[in-house]
Amino acid sequence: MAPRPGPPRLGADHPCSTRAKGRSLVIEETIRTDIAVLGGGLAGICAAIGAARQGRKVVLAQNRPVLGGNSSSEVRVWVCGATAHGIHLFARETGIMGELFVENQFRNPEGNPYYWDLLLLEKVRAERNITLLLNTDVTEVDADGPAAARVIRSVTGWMSGSERRITLEAPTFIDCTGDGLVGHLAGAEYMTGREPRAQFGESWAPEVPDQNMLGSTILFYSKDVGEPSKFVRPAFAIDVAAAGIPEHRVIRQDMKGCAFWWIEWGGELDVVLDNERIRDELQAVCYGIWDHIKNSGEFDAENLSLEWVGSVPGKREYRRFVGEHVLTQQDVLEQTEFEDRIGFGGWSIDLHPSGGVYATEPGSKHWHPDGNYHLPLRMLFSKNVSNMWMAGRNISASHVAFGSTRVMATCALLGEAAGIGAALAQQLDVSPSALAGEHVAELRRAMVRADASVLGVENDDPADLALRAEVRASSTKTTLASTQSAGTVPLVDDLGLVLPVDPVLDGIDVLVDAESTTTLRATLHATSAPQNYLPAAEVAEVSAAVERGRSWVHLPLAWKPETAQNGFIVLHANRELAVHRGTWVEPGTVTMIHRELPDKERYTEQWRAWKETLHGSGICFRASSPTDAFRPEQVRGGYARPYGGPNMWVSGQAGEDPQPWIELSWAEPVQIGSVEVIFDDDVNEDLINLHHHRTEAEVMPTLVQDARVEVKVDGGWREVARIEGNRQRRWIADLGELPVQRLRVVTQGAAASRETRLVALRAITA
Ligand SMILES: Cc1cc2nc3c(=O)[nH]c(=O)nc-3n(C[C@H](O)[C@H](O)[C@H](O)COP(=O)(O)OP(=O)(O)OC[C@H]3O[C@@H](n4cnc5c(N)ncnc54)[C@H](O)[C@@H]3O)c2cc1C
């Protein structure tokens with residue numbers, strides 16, 4: 001029987017490995033790569049993949065047996081990101097994190113933690129440029145140079161269970177250890193605790209600095225075993241009732257896993273040095289809560305048993321390295337537009353009391369930015385260690401800003417950016433600082449090409465021949481209308497309809513039921529930034545008479561902005577009226593509900609009345625004027641995600657165009673090496689599918705499933721690439737080196753949608 005292919009093994013014959021000293025005591029090995037990534041949480045995984053996809057040889061060392069860090073089955077934190085549980089629209093991450101979200105949705109809609117581990121492992125193993133070292137704890141760093149200009153020469157780790165001491169030599173190192181051990185041993189400048197208000201001018205920072213930080217957490221899962229199951233409380237468990245925990249925290253017997261995020265402690269200790277003590281305390285709290293659920297008599301928990309209790313404390317915060325830029329509260333809330341932006345965040349600034357589970361104040365406080373904010377490359381490399389990058393929770397951010405960047409989808413995209421940045425700096429032979437400065441155009445192109453999560457960065461890549469092509473399509477959607485009713489929503493709260501205004505809006509009609517003759521007041525607003533979906537400056541107001549009964553009401557809200565952008569129409573509350581829900585969400589549109597928030601959320605910073613959407617449907621409406629928002633040229637250059645509009649080509653409906661195609665043509669033949677297609681995977685769907693909530697569709701319904709690339713040869717179309725059963729956003733078709741004058745992508749339409757949607761079509765030069 002032929003041996004089965006396995007993961008890359010290290011041995012004397014391994015290209016990266018040399019056995020220096022044989023087997024006398026322990027095996028000493030040296031692995032030389034272009035880039036060494038230390039720590040295999042989501043930041044480290046994405047850093048390694050990001051660099052490997054740029055053609056660099058990478059080693060990824062992870063000190064535990066599974067990948068994923070806090071998201072892994074060992075800790076089980078759910079992966080959140082810029083969508084902020086759906087508060088931010090069109091905000092889901094793309095790039096490697098986006099691939100993971102979409103693939104996990106298909107393979108693992110129930111959020112099984114082991115399937116997630118598997119997905120991460122498979123993703124890393126799929127990259128032939130990555131050497132993966134599990135169970136390898138990096139504990140030594142060889143670095144030299146003066147304090148202001150340190151250089152890391154190598155790092156060394158112990159592979160537990162294998163008696164191997166492995167030295168990693170590389171010109172570039174990326175510290176993704178979370179705790180920042182590598183940078184610390186290398187002499188990198190870092191911050192811990194809470195900076196004083198005066199240092200960065202942050203209103204949420206304390207007047208006086210301290211060493212308090214967010215604490216660590218251990219989670220647990222329970223299950224119904226179908227028959228009575230007893231629990232005998234261990235002597236070390238905390239009496240949680242006596243400790244006052246149930247008075248200040250919600251405990252229900254159906255809560256599991258990350259719903260207990262507030263089992264947090266250690267923020268007033270040294271989260272790393274005191275890790276063992278913190279674990280003991282957290283387990284004592286977990287078992288104490290479980291005893292309370294099982295034995296207090298307050299819960300219907302007789303048939304419940306413990307299924308899993310964490311043994312590795314999930315750490316939230318420790319070192320934050322100082323980079324060329326320190327991200328601050330203002331950068332998050334004012335959405336600073338960095339030239340060197342390489343990604344976006346969107347989670348609220350989410351800070352916790354340092355007393356953790358024993359604190360009497362709420363377990364967290366939140367301050368939401370108005371929309372996604374930008375993240376600069378300069379927060380991803382050390383200020384004083386010339387060859388050290390960092391990604392994840394140890395990046396260059398103030399304690400307050402870190403309160404937002406720390407969520408894992410954001411850590412992941414920062415990892416990808418650090419990987420791409422490190423690789424590109426090597427390719428261009430420039431410093432990280434120069435990459436963020438005079439070479440920023442190359443950086444931005446690499447990020448766009450990787451379909452990274454960047455906002456407002458246009459594709460201007462000279463290697464993309466599509467930028468010089470004519471574009472035409474078999475059909476194009478020119479109307480915005482959702483006219484079939486799926487029931488009604490009483491207009492007891494204001495409703496907001498976001499829709500693209502490109503180039504004009506000439507009013508809309510809405511379908512309503514009126515209990516009596518009344519008036520519908522509507523206002524039209526600009527949004528405060530292209531990535532924000534909140535009403536800002538008012539541009540028009542109308543009051544329309546409404547007859548009793550059902551009718552389409554015309555609202556003559558007209559607007560011709562200087563450049564195409566989103567408009568936000570508010571239908572003001574009127575208890576006499578109900579607005580019809582549509583059966584369909586038009587691309588680029590979303591309907592929001594304005595909710596008065598409960599008193600406890602009514603402090604200024606948290607106020608966010610527009611945060612609920614009519615998920616899966618919008619209101620019944622029809623725009624009076626045609627739209628150019630979906631023109632074929634949208635696939636060429638421009639932005640590859642919603643930003644001031646949907647930024648994609650949308651074909652006519654399947655009934656009129658069953659096999660929509662889009663064509664690029666050139667005046668003279670061009671040499672094309674590959675065609676890169678980005679399909680619309682609906683970045684408005686919040687895919688927090690790891691233990692948190694379940695999205696119904698396993699494959700995003702807006703995705704094109706079957707498509708082919710054809711080139712015109714001798715008067716006929718010849719197929720050169722095909723994809724079937726697609727479930728990802730990005731498709732790269734390698735054409736070798738093909739002279740082409742006309743090229744088209746022919747699609748079979750999307751799975752359940754009525755038309756084809758393409759975000760980008762790139763023809764990369766051979
Ligand atoms: C209980 C809890 C709740 C949270 N809630 C959320 C949430 O709801 N959603 C969300 O997205 N985020 C949440 N966070 C934050 C988030 O989990 C972290 O910020 C995130 O995991 C940081 O990612 P990372 O890759 O930098 O670090 P980690 O996930 O900590 O990964 C670092 C990895 O490096 C490895 N490592 C460490 N030292 C070494 C070494 N010396 N050598 C080799 N490997 C090493 C570790 O084993 C680990 O696997 C929460 C955190 C906690 C603890």
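At-a-glance table
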| item | result |
| --- | --- |
| Solvent-accessible area per residue for the stretch 52-92 (1.4 angstrom probe, square angstrom) | 25 Å² |
| Percent carbon-and-sulfur accessible area, the stretch 216-309, ignoring ligands, DNA and RNA, probe 1.4 Å | 46 percent |
| Gained length - residue 541 relative to residue 659, 0.36 nm times residue gap less alpha-carbon distance | 38.3 nm |
| Using θ = phi - 60° and Karplus 6.51 cos²θ - 1.76 cosθ + 1.60, couplings along the stretch 96-109 (whole Hz; Gly, Pro as x) | 5, 4, x, 4, 5, 4, 5, 6, 5, 4, 6, 7, 9, x |
| Listed residues 309, 244, 226: farthest to the positive end of the dipole of the stretch 216-309 (Cβ charges) | 226 |
| Across 123/365; 315/611; 294/611; 256/294; 57/315; 123/383, pairs whose alpha-carbon gap is larger than 26 Å | 123/365; 315/611; 294/611; 57/315; 123/383 |
| Size of electric dipole in the stretch 481-623: Cβ of Lys, Arg +1 and of Asp, Glu -1, about Cα centre, debye, nearest 20 | 200 debye |
| Estimated distance in nm for a label pair at residue 361 and residue 128, the labels positioned 7 Å out from Cα along Cα-to-Cβ | 5.6 nm |
| Pairwise Cα inverse-distance average, inverted: Kirkwood Rh of the stretch 131-277 (Å) | 20.0 Å |
| Karplus-derived HN-Hα couplings along the stretch 112-126 (A = 6.51, B = -1.76, C = 1.60, θ = phi - 60°), whole Hz, x at Gly and Pro | 5, x, 6, 5, 5, 3, 4, 4, 5, 5, 5, 4, 5, 5, 6 |
| Heavy atoms of residue 256 accessible to a 1.4 Å probe, total area in Å² rounded to 10 | 90 Å² |
| Solvent-accessible heavy-atom area per residue, rounded to whole Å², over the stretch 212-288 at 1.4 Å | 47 Å² |
| Under-5 Å amide H pairs with residue 308, H placed in peptide plane, nonlocal only | 221 |
| Residues with amide H under 5 Å from that of residue 540, placed H, sequence gap 5 or more | 524 |
| Cα-based equivalent ellipsoid, the stretch 481-623: semi-axes from gyration tensor eigenvalues, Å | 22, 20, 15 |
| Relative contact order of the stretch 675-765, pairs being alpha-carbon contacts under 8 Å that are 6 or more residues apart, as % | 42 percent |
| Convex hull (Cα only) mean projected area of the chain, reported in nm² to one decimal | 38.0 nm² |
| Two-site label geometry, residue 277 and residue 766: point separation in nm, points 7 Å out along Cα→Cβ | 6.8 nm |
| Full-stretch length increase - residue 306, residue 548 - with 0.36 nm per residue and alpha-carbon distance subtracted | 81.3 nm |
| Cleavage-rule hits, GluC sites (Glu not before Pro), the stretch 436-491, DSSP coil, Cβ neighbours within 10 Å at most 11 | 438 |
| FRET efficiency estimate (nearest 0.05) - Cβ-Cβ, residue 668 to residue 612, R0 41 angstrom | 0.15 |
| Accessible-area composition of the stretch 481-623, carbon plus sulfur, in percent [1.4 Å probe] | 47 percent |
| Other-chain or far-sequence residues with amide H under 5 Å of residue 153's (modelled H) | 142, 143, 144 |
| Pairwise centroid distance, computed over Cα atoms, of the stretch 537-588 with the stretch 257-303, Å | 50 Å |
| Using a Förster distance of 41 Å, the FRET efficiency for residue 483-residue 458 (Cβ separation, nearest 0.05) | 0.75 |
| Label zone at residue 223, where the point sits 7 Å out along the Cα-to-Cβ direction: the stretch 283-312 residues whose backbone N lies under 17 Å | 302-310 |
| Mean-position separation - Cα centroids, the stretch 698-754 and the stretch 160-180, in angstrom | 41 Å |
| Karplus-derived 3J(HN,Hα), 6.51/-1.76/1.60, for each residue of the stretch 243-252, Hz, glycine and proline x | 7, x, 5, x, 5, 10, 10, 7, 10, 10 |
| Mean separation of Cα contacts under 8 Å (6+ apart) over length of the chain, as relative contact order % | 14 percent |
| Distance between modelled label sites at residue 268 and residue 147, nm, 7 Å Cα→Cβ extension | 3.2 nm |
| Chain lengthening between residue 593 and residue 139 when straightened (0.36 nm per residue, less Cα-Cα) | 158.2 nm |
| Cβ-Cβ FRET estimate between residue 698 and residue 516, R0 fixed at 51 Å, reported to 0.05 | 0.65 |
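The values are calculated or read from the model by the stated rules, or taken from the named source; none is laboratory data. Just so you know, these numbers come straight off a predicted model, no measurement behind them. Every residue, glycine among them, receives a Cβ derived from its backbone with ideal geometry; neighbour counts consider all protein chains shown. For the accessible areas, the whole protein counts, side chains as well, though only heavy atoms, and no ligand, DNA or RNA atoms are used. Shrake-Rupley method; radii C 1.70, N 1.55, O 1.52, S 1.80 Å.
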